[in-house]
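Below is one structure, written out as structure tokens; comments come after it.
Rule-based calculations on the coordinates, nothing more; no lab input. Because the structure is predicted, anything quoted here is derived from the model rather than measured. All Cβ positions, even for glycine, are placed from backbone atoms using ideal geometry, and neighbour counts span all protein chains on display.
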Amino acid sequence: MPWRRFRKKVERPIDVSKSIEESLDDAADGESEEDAAELAELDDATIAEAATGEPNEDRAPTELGDKLRGVLESAAERGGEARRERRPRSAPRGIALDRSSGAARSDDAHAAPESYPELGVDLSVEAARGLRLKNPVMTASGTFGQGVEYAELIDVSRLGAIVNKGTTPAARPGNPQYRIAETPSGILNSIGLENPGALEVARKYGKAWAELGVAVIVNVAGYSVDDYVYVVHEMTGTPGVVAYEINVSCPNVKGGMLFGCDPDLAAEVTSAVKAETDLPVIVKLTPNAPDVVAVARACEQAGADALTAINTVLGMRIDTRRRRPILGTGSGGLSGPAIRPIAVHVTYQVAQAVAIPIIGAGGITNAQDALEFLMAGASSVQVGTATFADPLAPLKVIEGLAAYVKEHGLASIRDVIGVALPAPED
Amino acid sequence: MILEDGRVVATDEIGQLGTVLRISAPGIAGQARAGQFVHVRPGLSFDPLLRRPYSFNRIDRAAGEIELIVKALGSGGGWIASRREGDRLDLLGPLGSSFVIQRSTRNLLLVAGGTGIAPMRVLAEQESGRRNVTLLMGGRSVAHLWPSDRLPASVEYVTTTEDGSFGIKGRVTDAIRPLLEWADQSCACGPWPMLAALGRLREEAERAAATYPGRAALLETQIAVEQHMGCAMGVCRACVIVTADGNARVCREGPVFSLGDVAFAEGEPATVGLS
């Protein structure tokens, strides 16, 4: 069956209230005409201001206008990164990126109530070169959708950042069933990068990301160097996006892991993407590489601004009744607490080999788990599979880290980064 | 949809069908609709890791309670089924789409296979005061049937068993034709082979003339389906099935679909994948 985008149906026996995605889809329909107008409303700017991305000097000054001007000026001092326009389409979507806060918008509609325990505790970290986050906790790609889904349940603006579902140049229908199987303290998955394609992701979620008040890292996947570059190109200028995470490590699509297993290929992708964007570029490492440290070094030399360690570990389960693998593709990617020791070990190894920040990921369920990664040399972490069991897990990690900083009288969470690493040899 | 700390109020073993847990969860009970489900955490640790989805078997808004039928399958189902009065359960719900009964429907046919009785019981309680309701339920044996004293008295209850231990010997599809002729609309929940058999009947009816017996009810059939599920929040895309509109997530667009929209292949959901 050919892939078709899921559209709102008239006769579907669904409850009258639309899902948030359907509403977004509706809102996105015919957006091109309304784009500038809606963005103008969003930012309290005139349509001309939204379309050009520059404030109109003749217009009476507003508080937001002043902010916009300030941010644009500071961006200009940094080389005009925030104003860089690669193509006309991205111009109306242009958003001033305030890297000092790690969030795409400073007027946060989801301002945290004073009761959040992490407030007043210095949890800020440098998650990648040029990317400072208010706290070191992100959600891992593929476990948090586009952020809007869990926003129905939790205040996602409390997160350091979210990483969206792996995005490819064109829509992908994904793999045959079954796509998921439970394992001891973990799950195997073989989803196959089902996603609507870069253009659709940008069109449908850009505005929502800006409104969520959370930094968004786009997970970029592909089969060729051109694929990765194309996705980054399509996403350029999308509101909320603060960095790209290059997925050279998906075990569930043919060739998906190829780039992550070979240092030269990983470096080639890294430098190609770096040439396409001014935003930080993070490379997500696969533990299935013969020499993950060599890949890490190659990515650093090619200009990567951070490394995520690790993606899922290849695994398989057999249905003993049917006498065949449970997953439709046979093998899949293992995630969850079962892989945490592997992930901590890779983090520990890579941290000694590179100078760029490391994002630890693999089986984190609570602050203690996160501390293992931080002490092994990661400067931030991603919570993934645990969210399926406990949607509050990412927030609990933030709260737990804040409590740890307070209990131990630390000046900041940064004081624990790498403390378990051996002393460097002179 | 909320996260709620439910408290088990009562438990009951229903033959071989499973354990019925009555749970105090006013928040979820207040929002829940027939066909929707709740995602239950099977313990306090991350092993087993995934929550288990259960369709509501009863929604008592006034009492703030829900009922679920839980089979003690595997470690997760076993843990949930062994909860007793006073125990706490971490609940996420209500989730997914629900059955929609047309206002014009006078005769409503409900078809249940095994634990697929869960949402059909909710519909029976909800609709029996508004229209004529017949429930057709099939099970392996009499021990796998829902007890008739737990249904509204006005609901006509027809049963089939594969071993002939109670009611008509055979499967629901062996007894369904006269009921379809009577019904204006039908709703079904059960194992995939049962739903696929209904799908074949529907295709037959769709191709046939307007006078085909039971055609109207077949064309108006809604089904609630099951699939291996991960997050139940719509993010992981583990639970997709193939529909007329492409891939659909059972946890979001489903679990209730129009029968005619779902693609079957050899008694199972059609496989999803690259062509």
Going by how many other beta carbons lie within 10 Å of each one, how would you line up A:M235, A:M375, B:M137, fewest first? A:M375, A:M235, B:M137
Spin-label point model (7 Å from Cα, Cβ direction): what's the B:D12 to B:S104 distance in nm? 3.7 nm
In whole Å, how far is the Cα centre of the range A:117-152 from that of the range A:261-299? 22 Å
The range B:201-275 versus the range B:96-167: alpha-carbon centroid distance in Å: 20 Å
So what are the range A:125-416's ellipsoid semi-axes, whole angstrom, largest first, if each one is the square root of 5 times an eigenvalue of the alpha-carbon gyration tensor? 25, 22, 20
Which value does Rg/Rh take for the range B:162-271 over its C-alpha atoms, Rh per Kirkwood? 1.01
Where N is the number of residues in the range B:108-205, Cα Rg divided by 2.2 N^0.38 Å: 0.99
Once you have the Cα-Cα distance between A:Q301 and A:L265, take 0.36 nm times their residue separation minus that, and quote the gain in nm to one decimal. 11.7 nm
Dimensionless Rg/Rh of the range B:2-95, both radii on Cα and Rh by Kirkwood, sits at 0.93
Contour excess over end-to-end distance, with Cα ends at B:E204 and B:S82 and 0.36 nm allotted per residue: 39.5 nm
Given a cut-off of 32 Å, name the pairs among A:K284/A:K396; A:K204/B:K71; A:K207/A:K406; A:K165/A:K406 whose C-alpha atoms lie farther apart than that in the structure shown. A:K204/B:K71; A:K207/A:K406; A:K165/A:K406
